Each structure stands twice: as C-alpha cells, then as structure tokens.
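Have a look at the structure below before the remarks.
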Amino acid sequence: MAKTPLTVHGAVRLRDELKRLKSEDRPRIIKAIAEARAHGDLSENAEYHAAREQQSFVEGRIKELESKLSNAEIIDVTKINAGGKVVFGCTVMLEDEENGSEVCYQIVGEDEADIKASRVSVNSPLARALIGKQQGDVAVVITPSGPRQFEIIDVRYEQ
C-alpha cells in the first residue's frame, strides 16, 4: 500500500484523537454497556443497543486511525529545502488574477483538509495546479465555472 502524506500537525491531531478514543470513549462505552445489561432483557433494551452501536462506531474509528497512521508518511515542511517551490505542507499566498483578492492556503494530506481553516488537500485541483511552481508563477486551476488564474505571491515553509 502506498504511503499517504501527512503533515506533523496532522499526525499529532490524529494521534490525539486515537488516544482520546482509546482512553476516554472506549472505557465510557464499556461502562454504559455494563449498566444497560444490568437492566435486564437485552432484546428490548434501547440503552444497550445504543451503547453497542456507539461501541461499533468507536472501534471502527480506532481501526481507521491506526491504519492511517501506520500508512502515513509524516512530512516536516520546516526541514524541506524546496528552493522556493510549492511542495506538500507549504503555505502559499495567492492572488486571484480575475478580481485581485488574496487567499492563503496550506497544502496538506486528504485527512487534514479543511477549507474553512485554509488547508487544501494535496489531491485537490488547486494544489495539483500549484505543486512545483514558485513565487511569481501563475497557476491555472480548472474549476466547474471555467479556468481561473492565480499568481503565487509567497511560499512559506512553516507548520
């Protein structure tokens, strides 16, 4: 299986979630199942079925996170010498050539992408258009409403 890129910050977030699921959520659900069992007949016990469903969800998420972390290639962008080029993990300041507005995005792994936090997936059309370019270059992004051009104002290698 191919390694999936992940920033240091993204790996920390996934590890924190995994730790919380294992040390807080799992024991709480086990306790809820035990309490629900004590109420008697399990076939008509809604609390028991809800706790079991929650347990199934948490166990699935634990497996998913463990798999993602074991297949992750954690990339520390601060240690990359990319010579000013746009690479995975960097933060890019762009100017929309159509209306002159400026936007700033960090290029991250799929599991870290959050457009509201200005983090775009490395697999997104925007990131694919930017990778390999450098400050001063113009990237053409194909969008549903047609091609858009962005000039790269600045490239930073920070977490």
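The values are calculated or read from the model by the stated rules, or taken from the named source; none is laboratory data. Since the structure is predicted, the reported quantities are computational estimates derived from the model, not experimental observations. Ideal geometry is used to build each Cβ from the backbone, glycine not excepted, and the neighbour counts take in all protein chains shown.
Here are the numbers for the structure shown:
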{"quantity": "Residue 152 under 20 Å from residue 3 (Cβ atoms) and part of a strand (DSSP E or B)", "calculated": "no"}
{"quantity": "Members of region 1-30 found to be of a type in the set (D, E, K, R), assigned to a helix (DSSP H, G or I) and within 22 Å of residue 90 (Cα to Cα), listed by number", "calculated": "13, 15"}
{"quantity": "Some residue of region 51-65 being over 18 Å from the mean Cα position of the chain (by Cα), farther than 18 Å from residue 19 by Cα, assigned to a loop (DSSP other than H, G, I, E, B) and modelled with pLDDT under 90", "calculated": "no"}
{"quantity": "Residue that is among the β-branched types (Val, Ile, Thr) and either without any contact (Cβ under 8 Å) to a residue 24 or more places away in the chain or more than 30 Å from residue 24 (Cβ to Cβ) (or both), where the choices are 103, 108, 58", "calculated": "103"}
{"quantity": "Exclusive hit being within 28 Å of residue 151 (Cβ to Cβ), touching a helix residue (DSSP H, G or I) at 6+ places or on another chain (Cβ under 9 Å) and not in a helix (DSSP H, G or I), set 89, 83, 100", "calculated": "89"}
{"quantity": "Within region 29-82, considering residues that are in contact with a strand residue (DSSP E or B) (Cβ under 7 Å, 6 or more places away or on another chain) and exposed (fewer than 13 other Cβ atoms within 10 Å of the Cβ), the one farthest from residue 155 (Cα to Cα)", "calculated": "71"}
{"quantity": "Near pairs, Cβ below 7 angstrom, 6+ apart or cross-chain, from region 12-34 (under 14 Å from residue 50 (Cα atoms)) to any residue that is surrounded by 14 or more Cβ atoms within 10 Å (Cβ to Cβ) and not β-branched (Val, Ile, Thr)", "calculated": "29/51; 29/54; 29/55; 32/51; 33/48; 33/51; 33/52; 33/55"}
